[in-house]
Ligand code: ADP
Ligand code: MG
């Protein structure tokens, strides 16, 4: 899995701070997609059960304008969210690969094409695919803090595209 090219680390003391970080991240992605409507970003979400991967994905997808629910794709493996920015349509595909029994199950399910469509893929439990997924632009690592509602969140850029997202967040 490539090298980290830049990273942002935030200590979120409560869920509202995670929400705020996810919204900043959403704004940076929106900025990229506005400039480059055909862009596709691959984003992994790593961390133990309960670390907050789905919670972060939820605030991110809602931060991009989705008004309905964002439920965990634990059983479906992947949930699509059609999004729109200034009349440009794109899609967020939210994966949870935890239940995969074979590393290539995602390909057999026909999900391969989702990695090319304008928008982004968010992947929980990429480890279950054992390196069979396309390269990630951004890797997000979440871990528990000392208190119940504390989480440490690291956003690592793994490509030039990922780096441009982090640069937009730091402005
Ligand atoms: P995962 O997808 O990593 O298994 P979830 O997002 O489903 O984890 O669950 C995380 C749980 O932790 C949720 O119930 C959420 O409300 C709670 N939580 C408490 N504090 C935070 C925080 N700072 N950031 C994210 N989630 C938090
Ligand atoms: Mg989850």
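The values are calculated or read from the model by the stated rules, or taken from the named source; none is laboratory data. Here the structure is a predicted model, which is why all the values come from computation and not from measurement. Every residue, glycine as well, gets a Cβ built from its backbone with ideal geometry; the counts of neighbours run over all protein chains shown.
Listing for the model above:
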item	result
Inter-residue pairs, beta-carbon under 6 Å, first in contact (Cβ under 8 Å) with a residue 24 or more places away in the chain and in the range 1-28, second more than 16 Å from ligand 1 (Cβ to nearest atom) and assigned to a strand (DSSP E or B), 6+ apart	4/156; 5/157; 6/157; 7/156
Count of residues meeting criterion [within 12 Å of ligand 1 (Cβ to nearest atom) and either over 30 Å from residue 14 (Cα atoms) or assigned to a strand (DSSP E or B) (or both)] in the range 131-146	5
Considering residues of the range 48-60 that are closer than 18 Å to residue 27 by Cα and under 9 Å from the mean Cα position of the chain (by Cα) only, the residue nearest to ligand 2 (Cβ to nearest atom)	57
Looking only at the range 85-102, and only at residues there that are within 15 Å of ligand 2 (Cβ to nearest atom) and not in a strand (DSSP E or B), the one that is nearest to residue 37 (Cα to Cα)	97
Residue satisfying all of: in the range 74-90; without any contact (Cβ under 8 Å) to a residue 24 or more places away in the chain and under 19 Å from residue 110 (Cα atoms); farthest from ligand 1 (Cβ to nearest atom) among these	82
In the range 115-131, residue nearest to residue 48 (Cα to Cα) [restricted to those that are more than 16 Å from ligand 2 (Cβ to nearest atom) and buried (at least 21 other Cβ atoms within 10 Å of the Cβ)]	120
Single match in 82, 37 (criterion: assigned to a strand (DSSP E or B) and surrounded by fewer than 16 Cβ atoms within 10 Å (Cβ to Cβ))	82
Answer residue from the range 102-139, given it is without any contact (Cβ under 8 Å) to a residue 24 or more places away in the chain and out of contact with any helix residue (DSSP H, G or I) (no Cβ under 9 Å at 6 or more places or on another chain) and is nearest to residue 26 (Cα to Cα) among those	113
Filtered residues of the range 37-47 (kept if in contact with a strand residue (DSSP E or B) (Cβ under 7 Å, 6 or more places away or on another chain) and either within 16 Å of ligand 2 (Cβ to nearest atom) or under 16 Å from residue 138 (Cβ atoms) (or both))	40, 41, 42, 43, 44, 45, 46, 47
Residue in the range 4-21 that is touching a helix residue (DSSP H, G or I) at 6+ places or on another chain (Cβ under 7 Å) and within 20 Å of residue 134 (Cα to Cα) present	yes
Counted residues, the range 103-130 - those being under 17 Å from the mean Cα position of the chain (by Cα) and not in a helix (DSSP H, G or I)	10
Residue that is under 17 Å from residue 24 (Cβ atoms), surrounded by fewer than 18 Cβ atoms within 10 Å (Cβ to Cβ) and modelled with pLDDT of 95 or more, where the choices are 156, 152	152
Filtered residues of the range 47-67 (kept if within 13 Å of ligand 1 (Cβ to nearest atom), at positive phi and surrounded by fewer than 22 Cβ atoms within 10 Å (Cβ to Cβ))	47, 50
